[in-house]
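Read through the structure below, which is laid out as structure tokens, and then see the notes.
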Amino acid sequence: MDALIASTALVALAEIGDKTQLLSFVLAARLRRPLAICLGILVATVLNHALAAWLGALVASVLSPDVLRWIVGLAFIGCGLWALVPDKLEETEVRSAHGVFLTATLLFFMAEMGDKTQLATVALGARFEHAFAWVVTGTTLGMMIANVPAVYIGQKLAERLPVNWIRRIAAGLFVATGIVTLAVSAA
């Protein structure tokens, strides 16, 4: 259960102001099919984060506990520092002959590659290597918590949220998780 709670909280907060949340706003404004967009986000996130959590668990099974502790702890701290940097969405053409669902799925999957939430999922997969399903469920739930309102409420939500404070809280949680990972495993 710790894996689910940690994964959900870290990703939901880290996703505020992230490029994939900005992508949610753009897709909602351009394609105007919220259910298809949300389903695309769900499918892309499950696939992307399952791959990331699997990679994290694989790394955990190969490395010694001490090396893994340092890698995971420093990865969380790195994600925390990265969370302080605001994302900007590059101009992307979102029209597709394959429909709104496929467009949302492909764009989200690609936008999430190498993103801080994907790297956090790798670290969470390593940290909770025996709770793969809970990590994927939690990170996916965190993505949906942050992005579904963005699709349905759109830009008005972003204008009302104190994004800088949320970004700082997310950064603090990542850094604290990294420090706890380093400290608890060392004891």
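Just need a number here: residues in the stretch 110-120 that are in a helix (DSSP H, G or I) and under 11 Å from the mean Cα position of the chain (by Cα).
Number of matching residues: 7.
The conditions are (1) farther than 15 Å from residue 77 by Cα; (2) modelled with pLDDT under 85; (3) not in a loop (DSSP other than H, G, I, E, B), and residue 135 fails exactly one of them. Which is it?
(2)
Any chance you could count how many residues in the stretch 28-69 are in contact with a helix residue (DSSP H, G or I) (Cβ under 6 Å, 6 or more places away or on another chain), of a type in the set (Val, Ile, Thr) and at pLDDT below 85?
Of the residues in that region, 1 qualify.
What residue, among those in the stretch 1-53 that are free of Cβ contacts under 8 Å to residues at least 60 places away in the same chain and of a type in the set (A, V, I, L, M), is surrounded by the fewest Cβ atoms within 10 Å (Cβ to Cβ)?
Quick first cut of the stretch 1-53, residues free of Cβ contacts under 8 Å to residues at least 60 places away in the same chain only: 32, 35, 51.
When the remaining residues are screened for being of a type in the set (A, V, I, L, M), the result is 35, 51.
Numbers: 35: 11, 51: 18.
The selected residue is 35.
Looking at the stretch 57-71, I want the residues that are more than 18 Å from residue 120 (Cα to Cα) and have a partner that is surrounded by 11 or more Cβ atoms within 10 Å (Cβ to Cβ) and of a type in the set (S, T, N, Q) with Cβ atoms under 8 Å, at least 6 apart or on another chain. Which pairs are those?
65/185; 66/185
The values are calculated or read from the model by the stated rules, or taken from the named source; none is laboratory data. It should be emphasised that the depicted structure is a prediction, and the values quoted were computed from it without experimental measurement. Cβ sites come from the backbone with ideal geometry, for glycine too, and all protein chains shown count toward neighbours.
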